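Engineer: Would you mind keeping the following structure in view while I ask a few things?
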Amino acid sequence: MKRFFLSLFFLVSLTAFDVSFAPRDAAEPEAGSVLCPPDIYPVAPDGCLPLGPSQTLAAWAQQGILYPLRPLPAYSPNPDLNNVPYRYYRAADDAVVYLFSSLEEAMAGGISAQSLGVGRKYFSYQERLDTDAGVFYHLRSGLWIRGGAGSAVGLPMPFQGLLFSSAPRNAFGWILGEARSRSAPAFNASLTGRRYYRFQVVQVYTRQEVNGTGWVLIGPDEWVEDRLIAVATPRRTPPAGVNAGRWIEVDLAEQTLTVYDGGRLVFATLVSTGVEPYWTRPGLFRIYQKKEAETMRGAFAADRSDFYYLEDVPWTMYFDEERALHGAYWHAFFGYPTSHGCVNLSPGDAHWLFDWAVEGDWVYVHDPSGRTPTDPALYGSGAP
């Protein structure tokens, strides 16, 4: 009897709440379209909605970012290229340096007919002698100098550019100083928590100017100020006037150098070009002389206060009068203008370029910003 009343109660309950059960194989009523699989859809498909992840991927694609993110097809050159076969001594800028034909003359304590005055002076030496009479350097030229007002110097921290196994699909660049990325191209945008340091390589997907400040996108929702990065943008066609697939390109605005072989980017790096008013002249030139080592000297100021004397400048390639591509062992300011017109490279990069280049190769120098003057009357012969 108790089981009968429980069954009756259950049937009444089903009737009161109008409960029904659909057959197991019945089709579910359509409640709306389904999301498309994550992908980029140039045209909206009929069977799904390209929302959610697809929207994000499409937005990235408009900025040049494809998912999965592709690494830069680049690798470092042989580190042995950094080895310079010379040793250098720097004399104090305010010291007068006398050059002697023998050690005995140098030790005698007098003066000589040959001397170098106030200015930046670097000597290449083959031997250093510590004696009771002082320190003396036997130069590679065969002359001797006293070493009391100066010291032997080491090369700056090695820096090398990038070699490419294939053409990169987007621009890239080097961080010039410590940088913190933001989630949007604005100073009031939140920080991403990521820090970047000098000479670190990043990919560059797009550039944007906001309220007079330039920004570059280096990753999804990750922006860095334009001034903190030197950007190299691969060229797809040769510059006007270049009639071969080989050329060297110097971007004065970005302070970058790119090398093309067979019409494809094969090498890129940072450089230091001429500082105002000793700009590196824009134009199309050809390498007319290569020298493994060169002594460079000169002065531009009327009072010769900017005098320089640099022995054994390594891997020099002249392309515009006295302007040359060459290694610079006296600074590491690559990415910033510092020279009197030459294109300074790190010793390792100059070595690589010297091995690759031949006399007659094109050198295209340009300033996309338009800030470098082009009037030939403003240019002298150039210097390091």
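Engineer: Where in segment 192-236 is the amide nitrogen less than 12 Å from a point lying 7 Å along the Cα-to-Cβ axis of Arg180?
Structural biologist: Label zone hits: 192-196.
Engineer: Evaluate the charge dipole of the chain about its Cα centre and quote only its size in Debye, nearest 20, assuming +1 on the Cβ of each Lys and Arg and -1 on the Cβ of each Asp and Glu.
Structural biologist: With only Lys, Arg, Asp and Glu charged at Cβ, the dipole is about 800 debye.
Engineer: Residue by residue through segment 92-98, which ³J(HN,Hα) values in whole Hz follow from phi under the Karplus form 6.51 cos²θ - 1.76 cosθ + 1.60 (θ = phi - 60°), with glycine and proline marked x?
Structural biologist: Once rounded to whole Hz, the list reads 4, 4, 8, 9, 8, 10, 9.
Engineer: Would you be so kind as to identify which of Thr131, Phe334, Thr316 lies farthest towards the positive end of the dipole of the chain, taking Lys and Arg as +1 and Asp and Glu as -1 on Cβ and the Cα centre as origin?
Structural biologist: Result: Phe334.
Engineer: For every other residue with a beta carbon closer than 12 angstrom to the beta carbon of Ala149, add +1 if it is Lys or Arg and -1 if Asp or Glu, then tell me the sum.
Structural biologist: It works out to a net charge of +1.
Engineer: With an 8 Å cut-off on Cα pairs and a minimum separation of 6 or more residues, tell me the relative contact order of the chain in percent.
Structural biologist: Once divided by the residue count of the chain, the mean separation gives 14 percent.
Engineer: Using a Gaussian network model of the chain whose springs link C-alpha atoms within less than 10 Å, name the residue from Leu176, Leu35, Leu228 with the highest mean-square fluctuation.
Structural biologist: Sorting by GNM fluctuation, first place goes to Leu35.
Engineer: Counting each DSSP H run of 4 or more residues in the chain as -39500 (n - 2.57), what helix-only mean residue ellipticity at 222 nm follows after dividing by all residues, to the nearest 500 deg cm²/dmol?
Structural biologist: Computed ellipticity for the chain at 222 nm equals -3000 deg cm²/dmol.
Engineer: Further question: Any idea which of Asn344, Thr256, Ala106 is furthest toward the positive side of the dipole for the chain, if Lys and Arg beta-carbons carry +1 and Asp and Glu beta-carbons -1?
Structural biologist: Among Asn344, Thr256, Ala106, the one farthest towards the positive end of the dipole of the chain is Thr256.
Engineer: Here's a follow-up. How would you order 147-155, 128-136, 356-364 from highest to lowest mean count of nearby Cβ atoms within 10 Å?
Structural biologist: Result, highest mean Cβ count within 10 Å first: 356-364, 147-155, 128-136.
Engineer: While we're on this one: Could you calculate, for the chain, the ratio of the Cα radius of gyration to the Kirkwood radius, expressed as Rg to Rh?
Structural biologist: Looking at the chain, the ratio lands at 1.29.
Engineer: Identify, among Pro85, Val43, Val231, the residue whose Cα sits farthest towards the positive end of the charge dipole of the chain, taking +1 on the Cβ of Lys and Arg and -1 on the Cβ of Asp and Glu, with the dipole about the Cα centre.
Structural biologist: Farthest towards the positive end: Val43.
Engineer: Is segment 75-190 rounded, prolate or oblate when judged by the Cα gyration tensor, a ≥ b ≥ c being the square roots of its eigenvalues, rounded requiring a/c under 1.5 and prolate requiring a/b larger than b/c?
Structural biologist: Prolate, because a/c is 1.5 or more and a/b exceeds b/c.
Engineer: In what sequence, highest mean first, do 231-243, 247-259 appear when ranked by Cβ atoms within 10 angstrom?
Structural biologist: For the peptides 231-243, 247-259, the packing ranking is 247-259, 231-243.
Engineer: Can I ask one more? Using θ = phi - 60° and the Karplus form 6.51 cos²θ - 1.76 cosθ + 1.60, what ³J(HN,Hα) does each residue of segment 166-177 get, whole Hz, x for Gly and Pro?
Structural biologist: Taking θ as phi minus 60°, the curve returns 7, 6, x, 8, 8, 6, 8, x, 10, 5, 8, x Hz for segment 166-177.
Engineer: Non-local amide H neighbours of Phe159 (under 5 Å, H modeled in plane, Pro and chain starts lacking H): which ones?
Structural biologist: HN-HN under 5 Å from Phe159: Gly348.
Engineer: Please list 3J(HN,Hα) in residue order for segment 142-148, calculated via the Karplus relation 6.51 cos²θ - 1.76 cosθ + 1.60 where θ = phi - 60°; whole Hz, with x for glycine and proline.
Structural biologist: Going residue by residue, I get x, 7, 10, 9, 7, x, x Hz, with x marking Gly and Pro.
Engineer: Taking the Cα centre of segment 247-378 as origin and charging only Cβ (+1 Lys, Arg; -1 Asp, Glu), how large is the dipole, in debye to the nearest 20?
Structural biologist: Dipole about the Cα centre, nearest 20: 80 debye.
No lab work stands behind these numbers, since they all come straight from the coordinates. It should be emphasised that the depicted structure is a prediction, and the values quoted were computed from it without experimental measurement. Using ideal geometry, Cβ is built from the backbone for each residue, glycine included, and neighbour counts are taken over all protein chains shown.
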